[in-house]
Amino acid sequence: MRLNALFPQSSRILNCPLCGSPAVCAFGLCADCESRMPKRPQSRAVFGVARVEAALLYGEPAVSLMHRFKYENCRYLAALFARFMAEVDVFPKEAVLVPVPLHKERRKARGFSQTEELCRELSRLTGRRVEALLTRERDTPPQTGLTFSERQANLSGAFSAKSAKGVFAILVDDVVTTGATLAECAGTLQAAGAAKVFALCACSAEKGSQ
């Protein structure tokens, strides 16, 4: 399925967020910039997660777009990333979208949650229900440069979950690096009764990235 098929307002002309050229598709890229987007990575293996899919490798120009989305309040870019993510949504139809949560203080400082924005757009594109089953109880220190095991220790007990008995959950995150966050969220959901946990991310760092 091509990206344009996922977005019905194909006659609406907007500017490409990368180069400023006209783009036929709301929040879409022009043809040249779309061809420069990193390829889809292979499925990731993350302990406790049945299957992990990401739409794009975390390379340019996806890195620049993600930075603008998260740190420059460019929320409209959620629609762009969600279109790529919807193309790799191969999960059971009954599965629901579960945003990986920010801590309330970080969410307040940023003004929004990028994963909630992605879930909202994915729900519109796919018809899936969004269930905010997870809460981040601790605002953990930055994880950049930490190994998987160090991240695991950093994240231990950081999340809590509502009852998820029998739920098929799709964790939605922006970037997966080592997979430690997804593993901790999956374990928390399973302890709350989730039947199966999958993950769908906008971008995936190269294997071995921290």
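Which aspartates and glutamates have a Cα less than 19 Å from the Cα of residue 165, not counting those fewer than 8 places away in the same chain?
Residue 165 reaches 94, 131, 184.
Given +1 on the Cβ of Lys and Arg, -1 on the Cβ of Asp and Glu, and no further charges, what dipole in debye does the chain carry about its Cα centre, rounded to the nearest 20?
Around 360 debye, computed over the chain.
Quick one: go through segment 34-49 and flag any residue whose amide nitrogen is under 18 Å from the point 7 Å out along the Cα-to-Cβ line of residue 67.
Within reach of a label on residue 67, which here means backbone N under 18 Å from a point 7 Å along Cα→Cβ, segment 34-49 contributes 37-38.
Given 93/162; 70/104; 104/196, which pairs have Cα atoms separated by over 19 Å?
Exceeds cut-off: 93/162; 104/196.
Could you tell me which residue out of 182, 122, 69 lies farthest along the dipole of segment 37-204 toward its positive end? Charges go on the beta carbon: Lys and Arg +1, Asp and Glu -1, centred on the Cα centre.
122
How much length is gained if the chain between residue 191 and residue 139 is pulled fully straight, taking 0.36 nm per residue apart and subtracting their Cα-Cα distance, in nm to one decimal?
16.6 nm
Roughly how many whole Å is it from the C-alpha centroid of segment 30-102 to that of segment 179-196?
20
Just so you know, all these numbers are worked out from the coordinates, no wet-lab data involved. Note that the structure is a prediction, hence the values are computed from the model and not measured. Cβ: placed from backbone, ideal geometry, glycine included. Neighbour counts: every protein chain shown.
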